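*Asks:* Sharing a structure here in structure tokens format.
Derivation of every value follows stated rules applied to the coordinates shown; laboratory data play no part. Because the structure is predicted, anything quoted here is derived from the model rather than measured. Glycine gets a Cβ as well: all are built from the backbone with ideal geometry, and neighbour counts include every protein chain shown.
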Amino acid sequence: MRNIVLGAAAAVLGLGCGSPQSAPATSPTGAAPTAGASSSAAAPAPMPAKATTLALPGGGPDGVAMDYLLYNPRTNTVWVPAGNTAVVDVIDVATGKVSRVEGFPTKEVERRGVKRLIGPSAAALGDTGTVYVGNRGDSSVCAVDETRLTRGACAVLDNSPDGIAYVARTHEVWVTTPRDKSIRVLDGATLAQKARIEFEGGPEGFAADNTRGRFYTNLEDKDVTLAIDLASRKVVATWKPACGEEGPRGLRLADAEGILLVACTGRLVSLDVAHDGAAIGSLDTGEGVDDFDYSAADHRVYVGAAKAARLTVAALDAHGGLTQLASIPTKEGARNGVVSRDGHVYLVNSRESALVVVGP
């Protein structure tokens, strides 16, 4: 497998820039969106693009276990928690160089009769200088220096972390722990646990709303999306994205527009957070969707479908309408993409110990 260093020519494809975790907080404006609204402007024709691979070190017969990725716009790097290798790989977007944050504990587990090694699995962008990493190997969350690539303070939870998000409004780290149907709220500086929020199902997906003082998550097994008040930590709204038996997965917030994007396994749904979570848009993406990315800079969505082996690029309009701009073949298993500011999209491909990189 080749280790390919990619150039910054993504403008040919028209891909967006930036990361949803770094978008500035603004207030929604304008009239209430209309259900089923779509873009009034004609969508550009799909542009030529191709998917290449970026090999990761340490992959064995079982590949490199990957789940959530992070794009860090401050350092222009992609963070890859590579669970069974006990490291987080950090890729310099400009050069393709792979650096490593090492020393994360791992643990062997057996699920459905198959033994596998688990370790770091998620990363979240904190205040300047800090990235938080969740580790299933020892149920910890650690603060990592984003330039020195060294681990700092860590906290060990009593259950395995899944998704993690930094909430700038409260200087907290919110961690989904679906195995015991809860979210843990940690102090952003000390990582001491401040609260445990219980649910009737397993939380899946996460999006912090610093503007409205809310945190969003799904209950995958209940097919609902929840809005949680940051101050009281109480559920203040329950919405139905109608994803079906497999339930909703990833979440991203278009802050300025007040639109919450919800990934079902085969389509994307947009909800109006200011009008009781009304469904205002939908787009088929192909099967095998888990997490995805949104660029606030140009209102574009990037959805990797693992089973369909394709990346859908869509435009989000001010009323929540979703218009497909491109459908790009990737590889089976490619999912959970993040987009860099130069427009390249990085998707995990655990089985092949690589990232699938989509660019022109």
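*Asks:* Translational D (Stokes-Einstein, µm²/s) of segment 154-196 at 25 °C and 0.890 mPa s when Rh comes from the Kirkwood sum over C-alpha pairs?
*Replies:* 240 µm²/s
*Asks:* If you don't mind, there's one more thing I want to ask. At 10 °C and 1.306 mPa s, what whole-number value in µm²/s does Stokes-Einstein give for the translational diffusion of segment 222-326, with Rh from the Kirkwood sum over Cα pairs?
*Replies:* Roughly 115 µm²/s, to the nearest whole number.
*Asks:* Normalised by the number of residues in the chain, what is the relative contact order in percent for Cα pairs under 8 Å and 6+ residues apart?
*Replies:* The value is 20 percent.
*Asks:* Let me ask another. Among rounded, prolate and oblate, which fits segment 146-300 when a ≥ b ≥ c are the square roots of the eigenvalues of its C-alpha gyration tensor, a/c under 1.5 means rounded, and a/b larger than b/c means prolate?
*Replies:* In terms of gyration-tensor shape, prolate.
*Asks:* Using only alpha-carbon positions, what ratio does the radius of gyration of segment 294-357 give when scaled by 2.2 N^0.38 Å?
*Replies:* Compactness ratio reported: 1.12.
*Asks:* With each pseudo-label sitting 7 Å past Cα toward Cβ, what's the ALA195-ALA274 distance in nm, one decimal?
*Replies:* 2.5 nm
*Asks:* Once both labels are modelled 7 Å past Cα along the beta-carbon direction, what's the ASP158-ALA242 spacing in nm?
*Replies:* Roughly 4.1 nm, to one decimal.
*Asks:* How much of the calculated P(r) for the chain lies past 34 Å, in percent of all Cα pairs?
*Replies:* Here the tail beyond 34 Å accounts for 18 percent of pairs.
*Asks:* Pairs of alpha-carbon atoms within less than 8 angstrom and 6+ residues apart define the contacts here; what relative contact order does segment 163-303 have, in percent?
*Replies:* 13 percent.
*Asks:* Using a simple charge model, +1 on the beta-carbon of Lys and Arg, -1 on the beta-carbon of Asp and Glu, nothing else, what dipole does the chain show about its Cα centre, in debye to the nearest 20?
*Replies:* 500 debye
*Asks:* Let me ask another. Among ARG111, ARG169, ARG252, determine the one that fluctuates most according to a GNM of the chain built with springs between C-alpha atoms less than 10 Å apart.
*Replies:* In this elastic network of the chain, the residue with the biggest mean-square fluctuation among ARG111, ARG169, ARG252 is ARG111.
*Asks:* Full extension from THR95 to LYS307: what is 0.36 nm times the residue separation minus their Cα-Cα distance, to one decimal in nm?
*Replies:* Extra length from THR95 to LYS307 when fully extended: 73.3 nm.
*Asks:* Per-residue counts of other Cβ atoms within 10 Å, averaged by peptide: what ranking do you get for 317-329, 226-238, highest first?
*Replies:* Packing proxy ranking, top to bottom: 317-329, 226-238.
*Asks:* My understanding is that a pair violates if its Cα-Cα distance is over 28 Å; which of LYS50/LYS115; LYS222/LYS331; LYS50/LYS307 do that in this structure?
*Replies:* Distance filter (> 28 Å) returns LYS50/LYS115; LYS222/LYS331.
*Asks:* Can you compute the label reach from ARG169? Point 7 Å from Cα along the Cβ direction, backbone N cut-off under 13 Å, restricted to segment 190-215.
*Replies:* The answer is 207-215.
*Asks:* Please report the orientation-averaged projected area of segment 66-186, defined via the convex hull of its C-alpha atoms, in nm².
*Replies:* Its average projected convex-hull area is 7.5 nm².
*Asks:* Taking the Cα centre of each part, how many Å lie between segment 236-284 and segment 306-339?
*Replies:* Using only Cα atoms to place each centre, the spacing works out to 16 Å.
*Asks:* Another question, then. Compute the signed sum of charges (Lys and Arg +1, Asp and Glu -1) over the other residues within less than 11 Å, Cβ to Cβ, of ALA82.
*Replies:* -2
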